[in-house]
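S.K.: Starting off with a structure, shown below.
The values are calculated or read from the model by the stated rules, or taken from the named source; none is laboratory data. Model, not experiment: these values are computed from the prediction. Neighbour counts run over all protein chains shown; Cβ positions are idealised from the backbone, glycine included.
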Amino acid sequence: MELSLIGKTVLVTGATDGIGLQTALTLAKMGPRLFILGRNKTKTEQTADRIRHETGNPTVETLVGDLSAQSEVRRLASEFKARSNRLNILINNAGAVFVKRQLSPDGLEMTFALNHMGYFLFTTLLMDVITASAPARIINVSSAAHMGASLNLDDLQNERGYSGFKAYSQSKLANIYFTYELARRLNGSGVTVNALHPGFVATNFGKSNGGLFRSLFGLIQFAAIKPDDGAATSIYLATSPEVEGVSGQYFDKCKAVKSSPISYDPQIARRLWESSLQLAHLPETSRI
Ligand SMILES: NC(=O)c1ccc[n+]([C@@H]2O[C@H](COP(=O)([O-])OP(=O)(O)OC[C@H]3O[C@@H](n4cnc5c(N)ncnc54)[C@H](OP(=O)(O)O)[C@@H]3O)[C@@H](O)[C@H]2O)c1
């Protein structure tokens with residue numbers, strides 16, 4: 001059956017490259033009003049032109065900003081709401097790995113700031129529009145890299161013993177805690193939220209780090225799948241009737257699978273939520 005998103009509004013973050021770009025291209029063919037979010041104005045506008053041209057969907061709009069900076073996330077959410085009072089599908093996809101420890105404009109460790117706080121704050125700020133658009137779906141691109149990771153709630157900024165892979169794995173575990181906690185909070189609202197592993201995908205991921213890391217990443221990419229295959233589970237969760245009403249699950253290859261045992265700990269999920277509210281200067285009563 002050909003799926004249709006005509007009349008729906010969709011937003012994909014990190015849609016200028018890799019998995020997000022392929023996700024946006026495929027969804028655009030189904031006819032929604034599509035917002036693509038990128039951090040580089042020229043690249044984002046060129047990507048929107050390409051999507052319009054390749055899919056014949058004229059309703060592709062751009063949002064440009066840095067999701068690792070909270071002021072930018074707030075501006076992006078406001079800009080979106082000024083242009084649309086509907087959001088049926090939000091795909092939180094933009095993410096990166098940082099080999100050297102860096103700080104965001106808010107003084108947070110960059111991996112945590114972009115990969116976790118970017119998803120958390122953007123979603124929280126858009127929640128009123130999303131719930132008003134129910135049935136709606138939120139999709140968080142996580143990673144199997146979360147397996148084996150654990151969160152130190154007393155050192156979320158990884159000040160002690162930083163490693164890029166450790167920080168990345170922890171941020172992808174945070175995506176899963178966020179998904180499960182949000183699903184509990186949204187129970188009965190008509191809004192579902194699920195997380196996924198896209199596979200090991202040949203993209204630009206990790207390449208901005210340069211040096212040995214970039215070379216190593218390039219070398220192992222022979223084993224990776226293509227971005228259009230890497231987008232399959234995001235597209236499935238966004239569109240398939242099979243997952244209508246399914247929430248609080250972790251998917252791999254379009255199937256619900258178990259995430260790591262500790263990712264199911266509701267106490268850690270709740271404490272991460274509370275810390276995230278504080279770090280974003282949001283009140284406990286905010287939105288959800
Ligand atoms: N590739 C894999 O094997 C793999 C495996 C598991 C999970 N994932 C996850 O999949 C998601 C997408 O990764 P990918 O492999 O497609 O990587 P990618 O090719 O590097 O694409 C990342 C996208 O995010 C955007 N982005 C990066 N930093 C941003 C920021 N500060 N603000 C706004 N946008 C930003 C990039 O913009 P530019 O175009 O300007 O760079 C790009 O559009 C990530 O969440 C990643 O953790 C990937």
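S.K.: Output the number of residues of region 47-81 satisfying the condition of being assigned to a strand (DSSP E or B) and either near the ligand (Cβ under 9 Å from one of its atoms) or not hydroxyl-bearing (S, T, Y) (or both).
M.R.: First pass over region 47-81, keeping only residues assigned to a strand (DSSP E or B): 60-64.
Cutting the leftovers down to either near the ligand (Cβ under 9 Å from one of its atoms) or not hydroxyl-bearing (S, T, Y) (or both) gives us 60-61, 63-64.
Looking only at that region, the number is 4.
S.K.: Next up: Quick one: T44 ticks every box in (1) part of a loop (DSSP other than H, G, I, E, B); (2) near the ligand (Cβ under 9 Å from one of its atoms); (3) surrounded by fewer than 22 Cβ atoms within 10 Å (Cβ to Cβ) bar one, so which box is it?
M.R.: For T44, the exception is condition (1).
S.K.: Go through (1) more than 8 Å from the ligand (Cβ to nearest atom); (2) among the small types (G, A, S); (3) within 21 Å of S208 (Cα to Cα) one by one and return the number of the condition G95 breaks.
M.R.: Condition (1) is where G95 drops out.
S.K.: Also, I was wondering about something else. Which of the residues spanning region 82-110 are assigned to a strand (DSSP E or B) and among the polar types (S, T, N, Q)?
M.R.: Going residue by residue through region 82-110, those that are assigned to a strand (DSSP E or B) are 89-92, 103, 109.
If the condition is that a residue be assigned to a strand (DSSP E or B) and among the polar types (S, T, N, Q), then N92 is the only one that fits.
S.K.: Restricting to region 115-132, and then to whatever is of a type in the set (S, T, Y) and in contact with a Gly (Cβ under 9 Å, 6 or more places away or on another chain), can you tell me which residue is farthest from the ligand (Cβ to nearest atom)? Don't jump to the end; show me each part of the working.
M.R.: Here is the first cut: in region 115-132, the residues of a type in the set (S, T, Y) are 119, 123-124, 131.
Retained after the next criterion (residues that are in contact with a Gly (Cβ under 9 Å, 6 or more places away or on another chain)): 119, 131.
Numbers: Y119: 9, T131: 24 Å.
Among those that are of a type in the set (S, T, Y) and in contact with a Gly (Cβ under 9 Å, 6 or more places away or on another chain), it is T131.
S.K.: Exactly one condition in (1) within 28 Å of G7 (Cβ to Cβ); (2) of a type outside the set (D, E); (3) touching a helix residue (DSSP H, G or I) at 6+ places or on another chain (Cβ under 8 Å); (4) within 16 Å of the ligand (Cβ to nearest atom) is false for F205; which is it?
M.R.: Result: F205 passes all but (1).
S.K.: Can you name every residue in region 29-41 that is more than 10 Å from the ligand (Cβ to nearest atom) and aliphatic (A, V, I, L, M)?
M.R.: Selection gives M30, L34.
S.K.: Which of the residues spanning region 189-200 are within 7 Å of the ligand (Cβ to nearest atom) and either under 14 Å from A94 (Cα atoms) or modelled with pLDDT of 95 or more (or both)?
M.R.: Passing the criteria: H197, P198, G199.
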